[in-house]
Amino acid sequence: MQTGECKKNRTKSIKKATKMSKQVLLEQLSLAVLNIDETAGVTAIENALSEGLSPVEIIEKGLSVGMLEIGSRFENGEIFLPQVMMAASVMNKLVDKVKKDIPATEKKEGIAKVVLGTVEGDVHDIGKNIVKILLQANGFEVYDLGRDALLTSFVEKVKEIDADIVASSALMTGTMQGQAALEEMLKEAGIRDKVKTMVGGAPCTEHWAKKIGADAYAENASEAVTKAREMLKA
Ligand code: B12
């Protein structure tokens, strides 16, 4: 017979083992992107899902971590552009595989409409695509302008669909200026007070959002969903 103390210790060690394996699973996901190994990524996703990790955790705490490390290695000159491109392609394919497992919220009437895009001059769209997936999964209707999207297209689309939110992504210090320009263009078009604006992308910060007069900044895709909801309540 097990004593109460013995049972407690066993439960503790099981919990510890579960925590450990979650760490390992996340590491496998991140390593698959880092090693540009799609096959390993698919296996890591299957393992993670069967161990109960959520698709959002898989993307944000696993695959994205690998992509960020790719960024650091590129910055340090340890790898070069072709490898970054290959890693980005593997990342996109793996995100696509996980996307179908994200439970979709039932569509409600009067759903919020979001115009989303990566600003002109900027072709980075991995992060923007993750934001899109999570917004859609949380019941938002997303109009994706893609990458290198003309600022005028953002304004036109907002007018055309009477959008609730316009969300712009910028990954380069140069293209961030497009987010500032968009604020001005929305004012000039007389629609700035009719739409909430949200900015994101690695070089953006809360301070940047405030400086350019955007309504919100989010550091990652999950936070983007939270901020989008908050803005609509305000
Ligand atoms: C992958 C990558 C590429 C890929 C892009 C592939 C693709 N389809 O996206 C390729 C190889 C094509 C590429 C090209 C270039 N790149 Co590049 N690239 C990167 C890299 C390594 C990773 C970016 C990434 O995907 N991160 C992973 C995702 C998950 O993170 P994320 O994008 O930040 O998104 C998250 C958040 O930021 C947030 N978020 C993102 N968007 C939005 C939007 C909203 C509204 C919200 C709320 C939140 C949000 O949520 C996301 C999910 O959590 C970065 C390094 C870095 N540190 O960012 C360099 C980097 C951005 N690239 C850089 C450069 C210079 C270039 C090139 C000019 C290189 C060249 N010499 O040709 C070209 C750019 C061409 C152009 N005109 O755009 C520089 C930019 C430097 C700067 N400060 O201006 C970086 C920082 C690398 C470096 N240090 O030099 N690149």
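Values quoted throughout were computed directly from the atomic coordinates according to the rules given, and no laboratory measurement underlies them. The structure displayed is predicted, hence computed values, not measured ones. Glycine also receives a Cβ, built like all others from the backbone with ideal geometry; neighbour counts cover every protein chain displayed.
Quickly rank 81-93, 128-140 as a protection proxy: mean count of other C-beta atoms within 10 Å, highest first.
Working: 81-93: 15.6, 128-140: 21.9.
Packing proxy ranking, top to bottom: 128-140, 81-93.
How much length, in nm to one decimal, is gained on full extension between Glu156 and Asp101, taken as 0.36 nm per residue of separation minus their Cα-Cα distance?
Full-extension gain reported as 16.5 nm.
Give the aspartates and glutamates whose C-alpha is closer than 15 Å to that of Lys100, dropping any in the same chain fewer than 8 places away, or say none.
The qualifying aspartates and glutamates are Glu46, Glu57.
From the helices alone, meaning DSSP H stretches of at least four residues, give me the mean residue ellipticity at 222 nm for the chain, per-run term -39500 (n - 2.57), in deg cm²/dmol to the nearest 500.
It lands at -18500 deg cm²/dmol.
For the pairs Lys132/Lys210; Lys187/Lys211; Lys61/Lys113; Lys93/Lys132, note any where the Cα-Cα span goes beyond 18 Å.
Those over the limit are Lys132/Lys210; Lys61/Lys113.
Using 1/(1 + (r/R0)^6) with R0 = 25 angstrom and r between the beta carbons of Glu230 and Val84, what's the FRET efficiency to the nearest 0.05?
Approximately 0.15, to the nearest 0.05.
Can you tell me the orientation of helix 126-137 relative to the chain, as the angle in degrees between its alpha-carbon axis and the longest Cα principal axis, to the nearest 10?
Approximately 80 degrees, to the nearest 10.
With a Cα-only, solvent-free Debye model of the chain, what are the log10 I(q)/I(0) values at q = 0.10 Å⁻¹?
-0.52
Within the range 154-173, name every residue whose backbone N is under 20 Å away from a label modeled 7 Å from Cα of His207 along the Cβ vector.
Within reach of a label on His207, which here means backbone N under 20 Å from a point 7 Å along Cα→Cβ, the range 154-173 contributes 170-173.
Fewest to most neighbouring Cβ within 10 Å: what's the order for Ser50, Ser169, Ser30? Write out the running numbers ahead of the final one.
Numbers: Ser50 9, Ser169 29, Ser30 22.
Listed from fewest to most nearby Cβ atoms, that is Ser50, Ser30, Ser169.
Using R₀ = 25 Å, calculate the FRET efficiency as 1/(1 + (r/R₀)^6) where r is the Cβ-Cβ separation of Glu219 and Glu141; round to 0.05.
Given R0 = 25 Å and the Cβ-Cβ separation, E is 0.60.
Give the angle, between 0 and 90 degrees and rounded to the nearest 10, that separates the Cα long axis of helix 38-50 from the longest principal axis of the Cα atoms of the chain.
Helix 38-50 and the main axis of the chain meet at about 70 degrees.
Just to confirm the number: angle between the C-alpha axis of helix 4-34 and the first principal axis of the chain, 0 to 90 degrees, nearest 10?
50 degrees
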